[in-house]
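> Just passing along the structure, written as structure tokens.
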Amino acid sequence: MRALDLGVDLAERYDATVHVVHFTDYEDEGTADIQSRVEAAFEDVDVSMEWAVVKDPRLSNIKVSDRVGKDVLSYIEDHEVDHVVMGHHSGGLVESAILGSAAKTVVETTTIPVTVVP
């Protein structure tokens, strides 16, 4: 939600559209909860928002963060995004070594600006 707040703030400043994308292997009540929270964040601002759920069954395997990073990169390319704001929750050294980081994948691969919010 901190990344969303920053994205909304930047969109207000630069008259931009925010693409809020939820990556998941399947939709459930958690997806609906996230969408409700996102919609609430846009109630009192004059910012255009596009909501998307990207379902990728490959997210159920062990390299989830790497797969999410690749899905973000694909979304960026398909939608001509010019700036990415994404959240990142740090794990321990072992978690990082095994799972990697979606944010790291995006930062190291894309040529557009990326803001990572802890």
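The values are calculated or read from the model by the stated rules, or taken from the named source; none is laboratory data. The structure displayed is predicted, hence computed values, not measured ones. Counting neighbours? That spans all protein chains shown, and the Cβs are built from the backbone with ideal geometry, glycine included.
> Can you tell which of Val106, Val45, Val64 is surrounded by 15 or more Cβ atoms within 10 Å (Cβ to Cβ) and at pLDDT 85 or above?
The unique qualifying residue is Val106.
> Additional query: Can you run down the residue pairs with Cβ atoms below 8 Å, 6 or more apart or on separate chains, where the first is in segment 35-51 and among the aliphatic types (A, V, I, L, M) and the partner is loosely packed, with under 14 Cβ neighbours inside 10 Å and assigned to a helix (DSSP H, G or I)?
Qualifying pairs under 8 Å: Ala41/Asp5; Val45/Glu12; Val47/Glu12.
> Take the residues in segment 19-33 that are more than 12 Å from the chain's Cα centre (by Cα) and surrounded by 12 or more Cβ atoms within 10 Å (Cβ to Cβ); name whichever of them is nearest to Arg2 (Cα to Cα).
The residue in question is Thr31.
> Report, by residue number, each residue of segment 48-61 that is of a type in the set (Asp, Glu) and either modelled with pLDDT under 85 or within 19 Å of Val116 (Cβ to Cβ) (or both).
Asp56
> Something else now. All but one of (1) surrounded by 12 or more Cβ atoms within 10 Å (Cβ to Cβ); (2) farther than 19 Å from His88 by Cα hold for Tyr75, so report the exception by its number.
The single condition Tyr75 does not satisfy is (2).
> What number of residues within segment 20-51 are under 16 Å from Ala102 (Cβ atoms) and in a strand (DSSP E or B)?
5
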